[in-house]
Amino acid sequence: MNKKLFRNTVIFIVIVILSGWIGALVDSLLTEQSKGDSTGMGIWLVLPMLAAIAITIFSRGSWSDIDFKPNFKGNIKWYLIAALIFPVVTAIVLIIGDMTKWIDLSAFDLRPFILLFSSTLLINFIIDVFDGAPLYGYLTSQLVKLNFNDWKIYLTVGVVWGMWHIPYYLVFLPETDMQVVLPVSRTIFSIISIITMVCWAVMFIELYRVTNSIWPGVVLHMVEDSLINPLVISGFISIAAGKEILISPITGIITSIIYLLVGFGIRAYRRQAKKMTVS
């Protein structure tokens, strides 16, 4: 094992996990911090990417470890797929929810929803360069170099991504938003969210590995943030009490299983393409 690579990877993981708590500490020392848009949240958001860049510079690593290049050639279809995954799966979930009477669509109004969705795409694109990309990009590249198999990569990236979010769920996230998504305690919400992220991580990791670029994942995440969060939190749909854990477009078990299957589908394509290249 490359000891330097392993050391740098551990350092990166530690910084990622601590970044939110550093942000929370900063917020506790500053007065008049606005909830949901504080200095501490900014630190939490940008520190993983800054760490990946700093480690790459000081260890004289390759910038291909982060893969900022868009690699459009031969990968346009993956950008399109990335843009469509969440809308298609969300539509399937809403149809299932409507058929089972677990989701009430009576308050859904397409025009204002499209306006809200469109108005948040740019800001979410910028945010999502930092939210997750250092993990499914930089961390994945390091784990591949360390000869982690696919399952260990999914679990490691998913768990670290979830642990990075723990300060957000325990400190930064407004209580009202959390209760709309899943009416449980912050601790239970954090646990469920980590499991959800492990399932979702497969899609992000496989999009990164099949394109050698972070940008399809950024597009995927941008659409997710602009689509399902407003759908649930802004009240365009309502979920029957007790059914959130099953059918929620954000944390539902059914939803996560579908995203897991999507990720495995991309994995199957990547592995088959690799075999064809080798042969």
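Scanning the stretch 99-135 for residues that are of a type in the set (Ser, Thr, Tyr) and at pLDDT 95 or above yields 100, 118, 119, 120. Can you find even one residue in the stretch 212-220 that is more than 10 Å from the chain's Cα centre (by Cα), surrounded by fewer than 20 Cβ atoms within 10 Å (Cβ to Cβ) and on the phi > 0 side of the Ramachandran plot? Within the stretch 212-220 (the criterion being more than 10 Å from the chain's Cα centre (by Cα), surrounded by fewer than 20 Cβ atoms within 10 Å (Cβ to Cβ) and on the phi > 0 side of the Ramachandran plot), the answer is yes, since at least one residue qualifies.
Among the residues making up the stretch 44-83, a single one is over 21 Å from residue 17 (Cα atoms), modelled with pLDDT under 90 and touching a Gly at 6+ places or on another chain (Cβ under 8 Å): 67. Summed over the stretch 93-132, the residues that are of a type outside the set (Phe, Trp, Tyr), within 20 Å of the chain's Cα centre (by Cα) and surrounded by 14 or more Cβ atoms within 10 Å (Cβ to Cβ) give a count of 9.
How do the helices (runs of 4 or more DSSP H) wholly within the stretch 162-258 filter down when requiring 2 or more residues that are in contact (Cβ under 8 Å) with a residue 24 or more places away in the chain and under 30 Å from residue 273 (Cβ atoms): which remain? Before you say what the answer is, go through the steps one by one.
Values: elements: 175-181, 186-211, 215-233, 244-247.
It comes to 186-211, 215-233.
In the stretch 4-28, what residues are aromatic (Phe, Trp, Tyr) and surrounded by fewer than 21 Cβ atoms within 10 Å (Cβ to Cβ)? Those that are aromatic (Phe, Trp, Tyr) and surrounded by fewer than 21 Cβ atoms within 10 Å (Cβ to Cβ): 6, 21. Residues in the stretch 150-172 that are within 16 Å of the chain's Cα centre (by Cα) and among the aliphatic types (A, V, I, L, M): 153, 155, 157, 159, 160, 163, 166.
The condition of being in contact with a helix residue (DSSP H, G or I) (Cβ under 8 Å, 6 or more places away or on another chain) and modelled with pLDDT under 95 holds for only one of 93, 171, that being 171.
Out of curiosity, is residue 249 under 17 Å from the mean Cα position of the chain (by Cα), closer than 28 Å to residue 100 by Cβ and modelled with pLDDT under 95?
Numbers: under 17 Å from the mean Cα position of the chain (by Cα): yes; closer than 28 Å to residue 100 by Cβ: yes; modelled with pLDDT under 95: no.
Spelling it out, it is not the case that residue 249 is under 17 Å from the mean Cα position of the chain (by Cα), closer than 28 Å to residue 100 by Cβ and modelled with pLDDT under 95.
Taking the criterion of being of a type in the set (S, T, N, Q) and either under 20 Å from residue 133 (Cα atoms) or touching a helix residue (DSSP H, G or I) at 6+ places or on another chain (Cβ under 7 Å) (or both), would at least one residue in the stretch 253-269 satisfy it? Yes: one or more hits.
The values are calculated or read from the model by the stated rules, or taken from the named source; none is laboratory data. Remember, it's a predicted structure, so these values are computed and weren't measured experimentally. Please note: Cβ atoms are built from the backbone with ideal geometry, for glycine as well, and neighbour counts cover all protein chains shown.
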